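Before any comments, here is the structure.
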Amino acid sequence: MSESLTKQYIFRRFVESPPFLRFLNQEENPSVVAGLYGATKAFFLKALVDTGREVLYAAKNNEEVERLLFDLDDLEKSETLALRRAEDLNSLRANDELPGLILCPEELLQRRIGEAKERPALYFEVSGEIELDRAIEWLSANGFERSDLVTEPAEFAQRGGILDVFSPLWDEPSRVEFEGERVISIRSFDPLTQRSKESATSIEVVSNRPPENYGPTVMEYLSTSLVVSAIDAVMPDLLLVKELRDSDETKKTFDFGYAEARKILGNFEEIKELENQGLELLFAVDKEHGQNYISNHLTNFRIVDTHLSGGWVAREEGYAVFTDEELFGTRHKRKIPSHFRGLPADAFHELHEGDYVVHIDYGIGIYKGLKKLKIGVEEKEFLEISYAGTDVLYLPVENLGLLDRYIGTEGRLPRVNKLGSESWKLASKNARKSAYDYAQELLSLYAKRSLAKGHAFGVHREEMEWAELSFPYEETPDQRRAIESIEADMESRHPMDRLVCGEVGYGKTEVALRAALKAALDSKQVALMAPTTILALQHYRTFTSRLKELPLRIAMISRFVSAAERKRILVELEEGRIDIIVGTHALLSENVKWRDLGLLIIDDEHRFGVKHKEKIRKKRTEVDTLALTATPIPRTLYMSLVGIRDVSRIETPPVGRKDVITEVEHWSDDMVRDWVLRERSRGGLTLFIHNRIETIDALRRRLQRLLPGLSMHIAHGQMPERELAAIYDRFLEHKVDILVSTAILEAGIDIPDLNTIIVDRADLFGLADLHQLRGRVGRAERQGYALFIVPRKSTDDAKKRFAAIKAYAGLGAGYRLALRDMEMRGVGNLLGTAQHGHVTTIGFTLYTKLLAEAVARLKGEDWFDEPVLEMAYGAYLPESYIGETAERVSLYKRLLSVEDEKGVDKLKDELEDRFGRMPETASRILDVAKARALARKKRVTKVGFQKDSWFILTQKRTYRGQGSFSTLLEQLRRI
């Protein structure tokens, strides 16, 4: 097995190379340095700094800055400052001692950085003193946004004496803990788990507002630095670095003599020729998969376990470096940052005042918020729920598990029950019986599928490793798990039926592509079915681009294809000459004949009609099936709950993805003009959605008057398919500035430079539709903007949708929005006619719980109802400790769902980390959480505590005793 090396090794090899040593021995710097390719440019800059020089690198753009940082990553620390935005220029004045290497894009070089009258930074030091209110005021005035939870750069949050802040210049946020005005602790924390990591003695938060445009420019301020540039314009004291050799003999040029590594894309013959010439072969690729893949083609090579932006050939030193770029034609891989908004564990259980809720014993009511009441001498916190008439239920927070949000079937308001009514008891009894019958039917279907014999696909290690290595991004953990689950499904003897849920643009297509490749390599045909012709075209282009190096035939059937071509494709499909075919529901037609169909991939299954779904359902018993969805439709939710269908969830957003800035406004000519021109000024595209074909041309004329000189096209479903495809292509190629379209582009379309979307009459769209539309923008690393235009008079229902779409603007918000949409519109008749009435009566969430119970009992699994706690015990999270009501409800839910005492102790550590030392009442809720965890584990029915006496009720006996709460816990442990 060949030896594995590090990036540090290859950098040292550059530093000790004869060309670099010759460069250092020159009496004066040349005007031009040539012959640097791939990562050698970054190595050259670092090597200069390591000799004690201060270097300002003038980059062509931010993309080049990122590429250099990528190549410098993991090398021995020599500080680098990257000035990507105008706001970053504050770092120049905030630092007493600047790092040796400063990277700056061309557009910022002549930007002025203000005068050094006031330090543009806020300094925190352990044992130092600073007023917390003054710190908050400074952050608000300097470009930081206040948030309940800090997960993204430029956010801050305050909870009592805890201040969380995330500077865009940092890799992760910091937590500052105060005692009065004194700083007692500073520590970094993980924005996903919110847990502290490493302690620090001090931090400096640099202003996130652009400096005033006066004072010295960047070039003037760094006048003593050696300026290295890839920009052609000649500057004073410039050392010009060019990738191409400069033929101008009047300039003093130093040539490193490296050659560019040529792309091989699977053709190793050229590399073997270099080996025959005596060159050592080094591959900067992923160690695990790269080792296996390359060893199938070469025997003498070494792996550099890292990623670089590009390779080079160093003939003088006798080696060549190849990277992902040369091997697979992919750009360098980016690491997944630790900060992103994933789906919170309790997203389906968030409660807001005014929500309809259902209690398993008392029925449907309205949640009014949290309320403190005294029970004897003890104060406790309750959920206030109003019922019919003047009835009110105060549910102790420790029994929160008995409550669910109500989701009906038609979107109509539910009938609120009267406390203690016989009608609720009868309704819940009938629903339980219905759930039991339905569970029997479902399990019968599941058993039939489990017994069915399918095709066990091969492993195909080399080709699957090629697919992973050639993927231009680092797989997210969720993508990796989904791919591994699908591969395991396909290698088994039973037909796969898996659903992959994930937000728009979160990488579901790549997951499907891996499955398609695995099937095609086994000589099985693959069908990928999309709900629209535009989306089918996009999938076709994605698959052909990614798999072009493999001997696979990929075709498409849709209205974009001529009748003659369609006829030819169908013949080739039946003869087995097509491996992967992409299309719409036309693939389900009777005239589509298969030689050997092995895998059916369905994108957005819920968008197909009832007849199409029935045909899909029949296919499921015959072939492996993989469904993709960006919306967790109710059927999906219930199937994941009861384990009838295999589900993979992709909750990690792609690298660099930002929240889309969302505004809901009335029409204004000036506002629309400003939104479009802002996007035009940064070189992006604008999509204008207007969902009425009869008035779309009038809107285009109005926009043309507002924005003369900008090119516009119309797109809608009544246009010929070929014309639509041509318009779509022109938009992709920036030949059209604004596309005025119906919602035909709503589902799954990926246009990287589309950063602004404006939706006219947004009140006519559902919540899930609005979220899908918003998902069209900001899919690269640039900020996305969504403007929803609404009439001045909107329905209450529409107002609720707009409030929700603005509230849930974070990445991963689609699941929460889908739930809200279900509440407003209902779940329809998705569980079948027989279940429809019961879902309406008791609510979808409770019905699925009853269904889960019925399935468990029918499988012979143990099932115990949630234990009831009756506690006259002052245990709650006070507002002075956690101010946000929704946050307290969420934490109650987490605390009371913990499975064991160790989990409670971990949560205690987290609470004290995030909110500071716990007051007595908050410590007591931890005791209650332990009691619930123990009661659940010991199958206890009810636990009570009052003053110094307690009882424990099990199915076999009742325990009673005297003593403190700790005595009660000891007894629970002994049962």
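The values are calculated or read from the model by the stated rules, or taken from the named source; none is laboratory data. Small disclaimer: the values here were computed from a predicted structure and weren't measured. Neighbour counts run over all protein chains shown; Cβ positions are idealised from the backbone, glycine included. These area figures cover heavy atoms from the full protein model, side chains too; ligands, DNA and RNA do not enter into them. Shrake-Rupley method; radii C 1.70, N 1.55, O 1.52, S 1.80 Å.
How many nm separate the modelled label positions at ARG957 and ALA86, each set 7 Å beyond the Cα in the direction of the Cβ?
Label-label distance for ARG957 and ALA86, simple model: 7.8 nm.
Please give the FRET efficiency for TRP170 paired with ARG541, using the beta carbon to beta carbon distance and R0 = 41 Å, rounded to the nearest 0.05.
FRET efficiency, TRP170 to ARG541: 0.60.
Could you derive backbone 3J(HN,Hα) for the stretch 202-216 from the dihedral phi with the Karplus parameters 6.51, -1.76 and 1.60 (θ = phi - 60°), listing whole Hz in sequence and x where the residue is Gly or Pro?
Listing the rounded values in order: 7, 9, 10, 9, 7, 3, 9, 9, x, x, 4, 7, 8, x, x Hz.
What is the gain in length, in nm to one decimal, between SER966 and GLN718 on full extension, counting 0.36 nm per residue of separation less the C-alpha to C-alpha distance?
82.1 nm
Quick one: if the Förster radius is 56 Å, what FRET efficiency do SER492 and GLU733 give, using the C-beta to C-beta distance and rounding to 0.05?
0.80
Considering amide H positions built from the backbone, and no H for Pro or chain starts, which residues 5 or more places from GLY454, or on another chain, come under 5 Å of its amide H?
The answer is HIS494.
Quick query: amide H of VAL582 versus all other amide H atoms, modeled in the peptide plane; which residues come in under 5 Å with a sequence gap of 5 or more or a different chain?
For VAL582, whose amide H was placed from the backbone, the distant partners under 5 Å are LEU528, ALA555, MET556, ILE557.
What distance in nm separates the simple spin-label points at TYR446 and ARG761, each placed 7 Å from Cα in the Cβ direction?
4.4
What trypsin sites (Lys or Arg not before Pro) in the stretch 651-728 are in a loop by DSSP, with at most 14 other Cβ atoms within 10 Å of the Cβ?
Counting only loop positions with at most 14 other Cβ atoms within 10 Å, the trypsin sites (Lys or Arg not before Pro) in the stretch 651-728 are ARG682, ARG692.
Per residue, how large is the accessible surface of the stretch 84-130? Use a 1.4 angstrom probe and give square angstrom.
Per-residue value: 51 Å².
Under 5 Å between amide hydrogens, which residues at least 5 positions from THR686 or on another chain qualify, with H placed 1.01 Å from N in the peptide plane?
Residues meeting the criterion, in which the H sits 1.01 Å from N, are LEU739.
Over the alpha-carbon set of the stretch 268-328, work out the extent along each principal axis and list the three values in angstrom, largest first.
Cα extents, longest axis first: 28, 24, 17 Å.
What is the Cα radius of gyration of the stretch 864-974 over 2.2 N^0.38 Å, N being its residue count?
It is 1.07.
Do any GluC sites (Glu not before Pro) in the stretch 117-195 lie in a loop, going by DSSP, with at most 15 other beta-carbon atoms within 10 Å of their beta carbon, and if so which?
Passing both the DSSP loop test and the Cβ count: GLU118, GLU131, GLU181.
Mind checking the dipole of the stretch 121-206: about its Cα centre, +1 per Lys or Arg Cβ, -1 per Asp or Glu Cβ, Debye to the nearest 20?
160
Just to be sure I understand: if I project the alpha-carbon convex hull of the stretch 452-599 onto a plane and average over all orientations, what area do I get in nm²?
Here the figure is 8.9 nm², rounded to one decimal.
Report the calculated FRET efficiency for ILE184 and THR6 (r = Cβ-Cβ distance, R0 = 35 Å), to the nearest 0.05.
It comes out at approximately 0.30.
With a 1.4 Å probe and every protein chain kept in, tell me what percent of the accessible surface of the stretch 121-206 is carbon plus sulfur.
Here it works out to 41 percent.
Can you give the % of DSSP beta bridges in the stretch 268-328 that are antiparallel, to the nearest 5?
Taking every DSSP beta bridge with both residues in the stretch 268-328, the antiparallel ones total about 25 percent.
Compute the distance in nm between two label points, each set 7 Å from the Cα along the Cα-to-Cβ direction, one at GLU79 and one at GLN26.
With each label placed 7 Å out from Cα toward Cβ, I get 2.9 nm.
Between ARG302 and ARG705, 0.36 nm times their residue separation minus their Cα-Cα distance comes to what?
138.8 nm
Do any trypsin sites (Lys or Arg not before Pro) in the stretch 485-526 lie in a loop, going by DSSP, with at most 11 other beta-carbon atoms within 10 Å of their beta carbon, and if so which?
When the trypsin sites (Lys or Arg not before Pro) of the stretch 485-526 are filtered for loop state and at most 11 Cβ neighbours within 10 Å, ARG493 remain.
Of all DSSP beta bridges in the stretch 864-974, what percent run antiparallel (nearest 5)?
65
Can you run phi through the Karplus equation (6.51, -1.76, 1.60; θ = phi - 60°) for the stretch 159-165 and list ³J(HN,Hα) in whole Hz, with x for Gly and Pro?
9, x, x, 10, 10, 9, 8
Given the pairs LYS368/LYS947; LYS263/LYS548; LYS368/LYS942; LYS372/LYS937; LYS433/LYS849; LYS893/LYS930, which are separated by over 22 angstrom at their Cα positions?
From LYS368/LYS947; LYS263/LYS548; LYS368/LYS942; LYS372/LYS937; LYS433/LYS849; LYS893/LYS930, over 22 Å: LYS368/LYS947; LYS368/LYS942; LYS372/LYS937.
Express in nm, to one decimal, how much length is gained between TYR394 and SER295 on full extension, taking 0.36 nm for each residue of separation and deducting their alpha carbon distance.
28.8 nm
Output ³J(HN,Hα) for the stretch 298-313: one whole-Hz value per residue in order, computed from phi by the Karplus curve 6.51 cos²θ - 1.76 cosθ + 1.60 with θ = phi - 60°, and x for Gly and Pro.
10, 10, 10, 7, 10, 9, 9, 6, 6, 10, 10, 6, x, x, 7, 10
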